[in-house]
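Notes follow the structure.
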Amino acid sequence: MDIGERLADVRFRPSVYGIATFRDACVFLCGFDAASENRVLRGFQNWVDPGSLVSTSVVSGLLEERDPGFPGRGGGEQVTALVDLVAEFLAERGDPLPGPPEP
């Protein structure tokens, strides 16, 4: 699987990767980015909030702006929102994720 396919798989099947919470997803994405030699999230900081360091609080704040109910959502819904945000960023960067994996 290439990087895009792996991230798409995570997007649609996070539990397979041990991702159940927003924090799990953040940790996974940071590690995945490091393992890809920073190719996955290159430019994400400026896309989310130009001029500041991206942290989980900045990203969760952006997700809360988009959906005021975000903090009360379950872990799975928060994970989906985060990975969807990364997918949106990658699509705007010209690296869209593939669709869901075949069953």
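The table below gives the values:
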{"item": "Members of the range 73-93 that are more than 13 Å from Arg42 (Cα to Cα), in contact with a Pro (Cβ under 8 Å, 6 or more places away or on another chain) and buried (at least 20 other Cβ atoms within 10 Å of the Cβ)", "result": "Val79, Val83"}
{"item": "Scan of the range 94-103 for residues that are charged (D, E, K, R) and surrounded by 13 or more Cβ atoms within 10 Å (Cβ to Cβ), ordered by number", "result": "Asp95"}
{"item": "Any pair with Cβ under 7 angstrom, 6 or more apart, that starts in the range 21-32 at a residue that is closer than 18 Å to Gly43 by Cβ and ends at one that is of a type outside the set (A, V, I, L, M, F, W, C) and surrounded by 14 or more Cβ atoms within 10 Å (Cβ to Cβ)", "result": "Cys26/Thr56"}
{"item": "Failed item, numbered, when Leu29 is tested on (1) closer than 22 Å to Gly4 by Cβ; (2) of a type outside the set (Val, Ile, Thr); (3) exposed (fewer than 15 other Cβ atoms within 10 Å of the Cβ)", "result": "(3)"}
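Rule-based calculations on the coordinates, nothing more; no lab input. Treat the numbers as computed from the prediction; the structure is a model and nothing was measured. Backbone-built Cβ (ideal geometry, glycine too); neighbour counts: all protein chains shown.
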